[in-house]
1. For the stretch 9-271, build the charge dipole from Cβ charges (+1 Lys, Arg; -1 Asp, Glu) around the Cα centre, then report which of SER92, ILE203, MET267 sits farthest towards its positive end.
2. Taking Cα centroids, how far is the stretch 155-190 from the stretch 72-99 in Å?
3. Which net charge results when you count Lys and Arg as +1 and Asp and Glu as -1 among the other residues whose beta-carbon is under 15 Å from that of TYR162?
4. May I ask you to derive the relative contact order of the stretch 99-197, considering only C-alpha pairs under 8 Å and at least 6 residues apart, and to give it as an integer percent?
5. Using a 10 Å cut-off on Cβ atoms, rank the peptides 274-283, 62-71 from the highest mean neighbour count down.
6. Post the alpha-carbon centroid distance, the stretch 226-282 to the stretch 8-34, in whole angstrom.
7. Quick one: which residues, 5+ away or cross-chain, put their amide H under 5 Å from the amide H of SER19? H built at 1.01 Å from N.
8. Using only alpha carbon pairs under 8 Å that are at least six residues apart, calculate the relative contact order of the stretch 9-271 and give it in whole percent.
Amino acid sequence: MAKETIRQITRIIKGQNTSDGAGVKIKRIIGTGELNQLDPFLLLDEFKNDNPDDYAAGFPDHPHRGFETITYMMAGAFTHRDSRGNEGHLTSGSVQWMTAGKGIIHSEMPEQTDGLAWGYQLWLNLPKKLKMMEPQYQDLASETLPVVEKTGIRVKVLAGEYGGVQSPGKSFIPFTYLDVQLDPGTFIFLPAPPDQNAFIYVIKGKVETGPETNFREVKNGFLGVWGEGETVLIKNGGNEKTHLLFASAQKINEPVARGGPFVMNTMGEVKQAFYDYQTGNFLKP
Ligand code: MN
């Protein structure tokens, strides 16, 4: 593959500590003043708390419209309930994929209040033509998510495809989401087609990425955003195992109007979402 097609890191961003829900301490990585969005990624939150006081109150009933939430649990357990009658138990290594579409009310509550609760929630936008689709819910148990192992490399396919295997998760726009572990001295190429935006979030260790002649280092706790290109090259040049999340998805290229838990194309549509929620329309089938 020609060198010019390898994407270069253009931004490196540190997550910001904040709280959400009923006072759950989180680190917001996308969806901040520094990086409001990366089309079509609207938000990326990390929750990683070993003190129940920091997470036990969870995220009681709240609405969403116009996008999808994809929650990946690393440790601990959460229970999801929603206004469509879905109930899911998120355990370590599982993915919960909720397509809010025209409107859903859900709660996300810790199942136990001791031990580590650790996971990531990604908000993926929907294009105008799908914003008002019927809500969908997918519970993907850890053992249903395929893992590709090569020497020194382990890739768990959360969404999309890698190495000839496909996640059972159903995407509504082209979207790849991978949990990647690299031993020291290994490298990996991952697909990030030109019409997509892509990022990595490093969970453990550090990586070098970009064209080999111009590597940039991304350390644990940081998000790396790539510029234009067709593929990404990620290398573990350190002496410690590294663990990261990789995501790439098709740009939607439409106006984004955000109002709290609603993400539409215009502020008028956001106002309508608040009205529909307040007048009980989200509870109608
Ligand atoms: Mn939610």
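1. MET267
2. 20 Å
3. Around TYR162, the charge tally is 0.
4. Contact order relative to length: 21 percent.
5. Values: 274-283: 13.6, 62-71: 23.3.
Ranking the peptides 274-283, 62-71 by packing returns 62-71, 274-283.
6. 13 Å
7. ILE26
8. Rounded, it is 19 percent for the stretch 9-271.
Computed from the coordinates by the stated procedures, all read-outs in this text should not be read as laboratory data. Just so we're clear, the structure is a prediction, and the values are computed from it rather than from any experiment. Note that each Cβ is placed from the backbone with ideal geometry, even for glycine, and that neighbours are counted across all protein chains shown.
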